[in-house]
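The values are calculated or read from the model by the stated rules, or taken from the named source; none is laboratory data. On a predicted model such as this, the values are computed, not experimentally measured, just so you know. Glycine also receives a Cβ, built like all others from the backbone with ideal geometry; neighbour counts cover every protein chain displayed. Quick note on the areas: whole protein, heavy atoms, side chains included, nothing else; ligands and nucleic acids left out. Shrake-Rupley method; radii C 1.70, N 1.55, O 1.52, S 1.80 Å.
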Amino acid sequence: MFAMIVRDNVFFPHSSFSLKVSPEMAELLKAQGELAIFFKTPMSSGDIGVRCLVREAKDDMVFIEGECRIRSMERIDGEIGDIQVTDIPDWYEKNLLNEGLIQGVRALVKLVFPNSGLNLMKEKNPGSFADMVAANIDLPVQEKLRFLYTPDSMTRIKLVFGYLNRVNPKAAQRANNSKANNPMAEETKELEERIERTPLSDEARSALEKEMGRLKYMHQYSPEYTVSRSYIEFILDMPWEIRTRDFIDIDKAKAVLDRDHFDLKEAKERILEFLAVRKLKADSKGSIICFVGPPGVGKTSLGKSIAEAMGRKYIRMSLGGIRDEAEIRGHRRTYIGAMPGRVIKEIQRAGTMNPVFVFDEIDKLGKDFRGDPASAMLEVLDPEQNFSFKDNYMEIPFDLSQVMFIATANTTETIPATLLDRMEIIDIAGYSDGEKLNIAKLHLIRKKAAESGLEKEPIVFDDEALRMIINFYTAESGVRDLERKIESIFRKSAKKKASDIDIPHQVTCDIVREYLGPVTRYKEQAMSSDCIGISTGLAWTPAGGEILLIEVSSMPGSGKTELTGNMGQVMQESARIAIGYLKSRIGDLISGHIDFSKIDIHIHVPAGAISKDGPSAGLAILCALLSYFQARPARSDTAITGEVTLSGRVLPVGGIKEKILAAERAGISRVILPGKNEADIIKLTADAQVNLEIIYVNSFIDAAPFLFREEVSSIPVSAQ
């Protein structure tokens, strides 16, 4: 771009000006059409200038309009020349503080420039508005340079505010003393009256009275005035001493929970216990409940049912992906655009001191350079601390002890131990196929019929049709996908109904295939026959349980171990432990001689695209190794779970209910479990029927006889 250096003067973007040049230069600039102008003064660096449009050239005068700030990418040799430039973007952060400052400056401009102020008011962009106002003020060159070299729009707005007060103090004084400030006096009086009648805590009242003392001496159009007033109004809008009265009827609460949720006996029982204690002792703090389980099992909706049963306001706040501590604790008011934390803000929105507050996905809190939100949650959830929770924005204690906090998570693995210690964990495992069938019949079908406008149509789902949807169109521990599939069937029926086409009033398997298309889910099933070197393991995932087919083979080599199937670090260690145990007991377990230094062992877990980890596959891997090296087919109807040690001991594992459900879905008839997991099975059979034979083992030697097709004595669940 053609560039020119101007000496001893400074121009701004978004304003028009003229240059006196030679007639030849005027013709040249007219031909160019645009021009980059830089300014050479004793203070300037010469690298920031203005991109201009040449509007007109007459004789030795050129009339130019500034467009935007630019930065030179190279130095100009002499006074003129062609150089490369880059535009400097105009930006500002849009928030309450900045908008208040802009409006204040606009009001002051009307007073300082009563004649030309209306033209200036037409410009909506804050940066352009600041440039145009500055161009109308007689400023020293050094102030003009300072203004030109400021790309931040809000910083320029603040500079303009200072210029207006300095260059025309009488107009600014008139702004303070004129009728325009009568509303300010009325506002402060109204705020004082609100402070007087609001039932504040002693700390809050003292803080607001101090803030009001500062507010009275502030300029109405100053940014500090807007910040201070917003703070006072926020504190006054908090629900000080406002509570909803608890109407706790245990029978009604049980009816609400049973209406909204099928099964979940343990969770419901714990909720009713909590409500009973609260009914007998209203100021009981109790513990923070955390529902843990796979997606779609009803964790979040339990919180809503609790709020309804107690007659309290309901708040839900998702914590998934939050990495900024200020989201929980708020910003300090020293920062521009400071805001309170979401916890305090949600309580203000609810308008009560004692809502039911659900923290969704607490296991997905992040952490980065902006702080640790999980640590901030400690003060929120800890009953010994939250009676005086201090938000950074409020800077005064607020009582959170009356709030009933409930958390939900898919897993406890990613919740920090210190935070986990504040909560009582209630596991909500996945549903069996029979439970899903009942949930669909009792809840989902009626709900989706009403949502699709077909509640008056007697549409009935066959049990076989529902089982088909559950087994071949969904793969989940919860019922969220099942709900979507039922909704899809009702939508397609509604489309026909709206087109005056007869719809089927009985949904059969044929209707399911017609509406939902080909089968989309193929769950991992048990092997149809016994195979050498293949055992069936059981795994827990955040989406529920599943079976793992573990394959073993070997080939001539140098004693290496190959592990494939996207195994995690812990699972790889379990595989190495299993190989180590096999090698140490080779004489007892395998007849004949095997030189492990001359073979490579390959262990593979299919579905390599899915990440797998955990110690519970150790026993199943060892069983597959024994089957392979003994050349005996392992039983395909038996699933195995348990952590194995180098000495062959079998240790307990978690996720038993999810694993049992996965075994049932896969067509497994027997499950080998660690002996110390017997309590989990007793607890499980108390709530639901388990149609599996359970074998308890405490060591690999105990498990070995049950791996092959010999007749063995076992302990069925019904006998426990």
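Between Lys216 and Glu455, how many nm apart are label points set 7 Å from Cα along the C-beta direction? Result: 5.9 nm between the two label points. Ordered by 1.4 Å accessible area with all protein chains kept, Glu693, Glu192 run largest first as Glu192, Glu693.
Taking Trp240, Trp540 and ordering them by how much accessible surface each has at a 1.4 Å probe, largest first, produces Trp540, Trp240. Take each peptide in 641-654, 611-624, count the other Cβ atoms within 10 Å of every residue, and average; sorted highest first, the result is 611-624, 641-654. The residues of the stretch 556-710 present an accessible area of 42 Å² per residue when probed at 1.4 Å with all protein chains retained.
Remark: the stretch 549-566, residue by residue, has Karplus-estimated 3J(HN,Hα) of 8, 9, 10, 10, 8, 9, 8, x, x, 10, x, 7, 10, 10, 10, 10, x, 6 Hz, where x stands for each Gly or Pro and the curve is 6.51 cos²θ - 1.76 cosθ + 1.60 at θ = phi - 60°. Can you work out the PRE-style zone for Lys496? Point 7 Å along Cα to Cβ, and I want the residues of the stretch 507-521 with backbone N under 14 Å. Only 507-517 pass the distance filter.
Between the Cα long axis of helix 182-197 and the first principal axis of the chain there is an angle of about 40°, rounded to the nearest 10.
Considering only Asn165, Ile695, Val356, and ranking their Cα positions along the charge dipole of the chain that arises from unit charges at the beta-carbon of Lys, Arg, Asp and Glu, the one farthest toward the positive end is Asn165. Farthest toward the positive end of the dipole of the chain, out of Ala207, Gly311, Val671, is the Cα of Ala207, where the dipole comes from beta carbon charges about the Cα centre.
Taking amide hydrogens as placed 1.01 Å from N in the peptide plane, the amide H of Val650 sits under 5 Å from those of Ser699, Phe700, each at least 5 positions away in sequence or on another chain. In sequence order, the stretch 629-638 has phi-based couplings of 7, 8, 6, 10, x, 7, 5, 7, 8, 10 Hz under the Karplus curve 6.51 cos²θ - 1.76 cosθ + 1.60, θ = phi - 60°, and Gly or Pro positions carry x.
If I compute mean projected area of the Cα convex hull in nm² from the structure I just sent, which labelled value in [x] 35.4; [y] 32.4; [z] 48.7 lines up? Working out mean projected area of the Cα convex hull in nm² from the coordinates points to [z].
About the centre of its Cα atoms, the chain shows a dipole size close to 1220 debye [charges on the beta carbon of Lys, Arg (+1) and Asp, Glu (-1) only; nearest 20 debye]. With all protein chains kept in place, the per residue accessible area of the stretch 264-420 amounts to 40 square angstrom at a probe of 1.4 angstrom.
Paramagnetic label reach from Leu646 (point 7 Å along Cα→Cβ; backbone nitrogen cut-off under 13 Å): within the stretch 543-567, no residues. Straightening the chain between Arg55 and Lys189 buys 42.9 nm, computed as 0.36 nm per residue apart minus the Cα-Cα spacing.
When each of the peptides 400-410, 11-21 is scored by the mean number of other C-beta atoms lying within 10 Å of its residues, the order from highest to lowest reads 400-410, 11-21.
Carbon-plus-sulfur accessible fraction, the stretch 199-301 (probe radius 1.4 Å, protein heavy atoms only): 53%.
Projecting each Cα onto the charge dipole of the stretch 379-513 (Lys/Arg +1, Asp/Glu -1 at the beta carbon, about the Cα centre), which of Phe472, Gly434, Pro504 comes out farthest on the positive side? So the residue we want is Pro504. Seen against the Cα atoms of the chain and their longest principal axis, helix 23-32 is set at about 20 degrees.
Of the solvent-accessible surface of the stretch 408-450, computed with a 1.4 Å probe and all protein chains present, 51% belongs to carbon and sulfur. Using a 1.4 Å probe over the heavy atoms of the protein chains, calculate the carbon and sulfur portion of the accessible area of the stretch 61-151 as a whole percent. Solvent-exposed carbon and sulfur of the stretch 61-151 make up 51 percent of the total.
Placing a label point 7 Å from the Cα of Glu384 along the Cα-to-Cβ direction, the residues of the stretch 400-425 with a backbone N closer than 12 Å are 422. Across the stretch 350-360, rounded Karplus estimates of 3J(HN,Hα) from the backbone phi angles (6.51 cos²θ - 1.76 cosθ + 1.60, θ = phi - 60°) give 5, x, 8, 7, 10, x, 8, 10, 9, 8, 7 Hz, Gly and Pro being marked x. Peptide packing: for 136-142, 703-709, the average count of neighbouring Cβ atoms within 10 Å per residue gives the ranking 703-709, 136-142, highest mean first. The Rg/Rh ratio for the stretch 559-603 is 1.01, where Rg is the radius of gyration of the alpha carbons and Rh is the Kirkwood radius. Compared with the dominant principal axis of the Cα atoms in the chain, helix 678-687 is inclined by about 80°. Dipole check for the stretch 11-80: with +1 at the C-beta of Lys and Arg, -1 at the C-beta of Asp and Glu, and the Cα centre as origin, the magnitude is about 260 Debye.
Whole-percent P(r), the stretch 1-158, all Cα pairs, 10 Å bins from 0: 10, 38, 34, 15, 3, 0. When DSSP beta bridges are restricted to pairs lying wholly in the chain, around 55% turn out antiparallel.
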